[in-house]
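Asker: Just dropping this structure here.
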Amino acid sequence: MAERALTRVQSLRERLDKTLSTHRNEILALLSRIESKGKGFLQPHQLHAEFEAIPENNRQKLLDGAFGEVLKHTQEAVVLPPWVAFAVRPRPGVWEYIRVNVHALVLEELRVAEYLQFKEELVDGR
């Protein structure tokens with residue numbers, strides 16, 4: 001009987017790190033568009049509008065990777081330059097929070113409290 005080995009599922013951050021290195025320019029183009037809107041909250045339809053505004057070949061590269069999954073499951077984005085944070089709900093009952101520094105293309109995974117604090121910084125104007 002064949003043995004089955006358990007494998008660990010990669011976190012959203014681990015998958016995105018690979019995509020960041022592979023499609024750096026495409027991600028930078030999209031995040032720069034989002035950041036250029038200035039401080040604020042973006043709903044999924046606004047994110048998709050920004051995504052549709054980038055060139056078709058860039059869109060396809062992003063859709064095929066982990067960043068496409070992020071865009072598909074993002075419930076809101078918070079823009080506080082140079083950071084863009086995403087609240088991602090990949091499946092019911094599961095939320096993941098990440099933020100990307102657009103200037104350095106550095107990705108951070110956030111805990112719930114950190115994400116909420118980031119949102120409060122935007123509202124408080126810090």
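Asker: Considering only residues that are in contact with a helix residue (DSSP H, G or I) (Cβ under 7 Å, 6 or more places away or on another chain) and either within 28 Å of Leu122 (Cβ to Cβ) or modelled with pLDDT of 90 or more (or both), which ones fall in the stretch 49-64?
Answerer: Glu50, Phe51, Ala53, Ile54, Asn58, Arg59, Leu62, listed by residue number.
Asker: Can you name every one of the strands (runs of 3 or more DSSP E) wholly within the stretch 44-126 that holds 2 or more residues which are of a type in the set (Val, Ile, Thr) and either on the phi > 0 side of the Ramachandran plot or in contact (Cβ under 8 Å) with a residue 24 or more places away in the chain (or both)?
Answerer: On the way: elements: 74-80, 83-91, 94-101, 106-110.
Counting at least 2 such residues, we get 74-80, 83-91, 94-101.
Asker: Restricting the search to the stretch 1-20, which residues are modelled with pLDDT of 70 or more and within 21 Å of Lys72 (Cβ to Cβ)?
Answerer: Selection gives Ser11, Leu12, Arg13, Glu14, Arg15, Leu16, Asp17, Lys18, Thr19, Leu20.
Asker: Now for a separate question. So, of the residues in the stretch 68-97 that are closer than 21 Å to Lys18 by Cβ and of a type in the set (Asp, Glu), which turns out to be modelled with the lowest pLDDT?
Answerer: So the residue we want is Glu69.
Asker: Sort through Glu26, Glu35, Glu14 and tell me the only one that's part of a helix (DSSP H, G or I), surrounded by 12 or more Cβ atoms within 10 Å (Cβ to Cβ) and without any contact (Cβ under 8 Å) to a residue 24 or more places away in the chain.
Answerer: Every option except Glu14 fails the conditions.
The values are calculated or read from the model by the stated rules, or taken from the named source; none is laboratory data. All figures in this text were calculated on a predicted structure; none of them were measured in a lab. Note that each Cβ is placed from the backbone with ideal geometry, even for glycine, and that neighbours are counted across all protein chains shown.
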